[in-house]
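A short worksheet on the structure shown next.
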Amino acid sequence: MNVFSDFVNRVGEAVAALAAAGDLPTSCDISRISVEPPRDASHGDIATNAAMILAKPAGLKPRDLAEKIAAKLGEAGDVASAEVAGPGFINITLDASYWHRVLATVLKDGPAFANSDIGKGAAVNVEYVSANPTGPLHVGHCRGAVFGDALANLLQRVGYHVAREYYINDAGAQVDVLARSVHLRYREALGEKIGDIPEGLYPGDYLKPVGESLAWIHGHALLGEESAWLETVRTEAIDAMMDLITEDLAALGIRHDVFFSERSLTAEGGDRIADAIAFLAERGHIYEGRLPPPKGQLPEDWEDREQTLFRSTAFGDDVDRPLKKSDGSYTYFASDIAYHLDKFRRGFGHMIDVWGADHGGYVKRMKAAVAALTGDEADLDIKLCQMVRLFRGGEPVKMSKRAGDFVTLREVVDEVGADPVRFMMLFRKNDAPLDFDFVKVTEQSRDNPVFYVQYAHARVHSVLRNAAEAMPDLDLGDGALASADLSGLTDVAEIGLIKRLAEYPRALESAAIAHEPHRIAFYLHELASDFHGLWNRGKDSPQLRFINAAHPALTMARLGMIKALAAVLADGLSILGVEAVEEMR
RNA sequence: GUCCCCGUAGCUCAGCUGGAUAGAGCACCAGAUUCCUAAUCUGGGGGUCACAGGUUCAAAUCCUGUCGGGGACGCCA
């Protein structure tokens, strides 16, 4: 049950009634009409701009039209008042009984009261992490990983059919470097002294077990020419790295549905990259031509040459993009085109790519490619995640540039736990830089939003436990609470809490439409704040406490209220992938 | 030189895709607190939404330009 869509309907009915009465043209565009909570509480519970939108086509003054609409809306029994304000807003104040009914619905249906079907079962592909399989994930990958996962949860929550996908870059030169690095460890495992790791190879110790494993399996069989062992070592090294990566992700509670191998695009004699280019060529988007030299610092080996180009400028890009390198192999962009065509052909009309902000320059060409490939039948949204800066007690954590010496995702998760990491990564808009402090995120204080929200949930359960002890005669089962008489909830803070709960469906939908899971985190923080505030008022005003032994009926109503609150908190936290604990300890 | 993101209270950031008098948390100031259910509470000051134009009933939000910060600019992915 969504309060706002309820009133979208009511406004629509009022407008239709006026049209039937001849006060309005029959064909009005009502799509621009908004029904939303006013920023200022003195403006009531719901505000609509309907009269201001319709005034011009109706040939009426906004306020006059507003009076007519307000009169219609005011006829409903649960509307306490519908008043015209400002330039033509209609401010609607609802009767407490309306809010009691909303709360009853939340209690009866649980989180399902916020179910939405804006996704309509449409298939959406969320691609995230997609880190090169050359080593463990570092902290920089962490944000995109959590963001993508929460976004996938969110879209699933509002009725999309979601695939979580990881694109394995297992075809470029860097996996050959990985193979050579592993081969060195293999020789080391066979007893050879390898000394320092040469410049340009991956030095990390995490490759040692891979080398040892190769030594066990292959003995001395891989000691010949590189061409003889490269493929074998590369394959096993990539497998080992992906095992490492999926373990790291699992520690964060992340599991992908699909791991798509870049190499598979050209495996088994096929060449789907060539196919994709041919597909574009048939539509006239490919040509042979020259590009102006890149601005900024000119690469040393720049040469002006004729090459195969994608006409991305026809789709909003700044320059056309090359698809083949000078050695004849495909550019990364070319395989990405084939990859996105594959996604489209697998039935995804909606695609979302989650990238680091340093890939920002790549956005236009990728969107251009998807537009060209799908003829605008599919859409691609690209979410860029900004940097995470690490702090410890306010001091920046130094990360040496030296290769191999980075803070891994695993180190962060092992130290502070998955929940704080996930929540903090989502407590900021994705395109804003984020400061992560190892000390602050585990503090048990109201300054720490992770704790603040989790504690609200735990506190509800604490109250329920105390109630069971203090009033053993009460039936605190879901059924009893759902049928409690809620009419005793009259304090503004209590009604305010219910109003906040009623905003949840709208918060879900707007977050899903905007592809912005952080809005859920902020909503939960506000909800927790309402609850803690109400709890604290019980200090000075004992009659407001949730447990009131002298008034069992009122106690039931209040316990029902906080039970509903806990359900919404738990539902929201599950979207963020954070556990809703029942005790803090 | 071109493109993308950002610029909101002293600090860190929200602002529901165009709504009414722009919000929250820190920090600061002033009170309350041998009360209790679990980790104090209440109030207050503080703003030219970087700047200048434009679009309209209405702009922090959309468009153009300027300034400032970050990032990216065949053959790294």
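None of the figures in this text is laboratory data; all of them are computed from the coordinates on show. Fair warning: this is a prediction, and the values are worked out from it, not measured in the lab. Backbone-built Cβ (ideal geometry, glycine too); neighbour counts: all protein chains shown.
General remarks:
- Charged neighbours of A:T266, selected by a Cβ distance under 13 Å, balance to -4 (K, R count +1; D, E count -1).
- Subset of A:K208/A:K383; A:K440/A:K563; A:K120/A:K367; A:K539/A:K563; A:K108/A:K499; A:K68/A:K108 violating a 27 Å alpha-carbon distance limit: A:K208/A:K383; A:K440/A:K563; A:K68/A:K108
- Cross-link reach is defined here as a Cα-Cα straight distance under 15 Å, omitting same-chain residues fewer than 8 places apart; for A:K61 the aspartates and glutamates meeting it are A:D23.
- Each of A:W99, A:W229 was scored by other Cβ atoms within 10 Å of its Cβ. Arranged with the fewest first, they read A:W229, A:W99.
- Charge context of A:R234, other residues only, Cβ under 14 angstrom, K/R +1, D/E -1: -4
- Within segment A:145-253, GluC sites (Glu not before Pro) in DSSP loop having at most 10 other beta-carbon neighbours inside 10 Å: A:E199, A:E225
- Distance (nanometres) between label positions extended 7 Å along Cα→Cβ at A:E13 and A:A228: 8.3 nm
- Residues with amide H under 5 Å from that of A:D435, placed H, sequence gap 5 or more: A:R389
- FRET efficiency, 1/(1 + (r/R0)^6) with R0 45 Å, evaluated for A:T442 and A:M471 via beta carbons: 0.80
- Of the GluC sites (Glu not before Pro) in segment A:57-145, those whose Cβ has at most 15 other Cβ within 10 Å and which sit in DSSP loop: A:E75
- Exposure proxy shown here: for A:D196, A:D40, the number of other Cβ atoms within 10 Å sets the order, fewest to most, as A:D196, A:D40.
- Difference of contour (0.36 nm per residue) and Cα-Cα distance, A:D78 to A:K193: 33.1 nm
- Cβ-based net charge around A:R311, under 12 Å, with every Lys or Arg adding one and every Asp or Glu removing one: 0
- Sorted fewest first by neighbouring Cβ atoms within 10 angstrom, A:I238, A:I286 come out as A:I286, A:I238.
- Dividing the summed helix terms, -39500 (n - 2.57) for each DSSP H run of n ≥ 4, by the number of residues in chain A produces a 222 nm estimate of -15500 deg cm²/dmol to the nearest 500.
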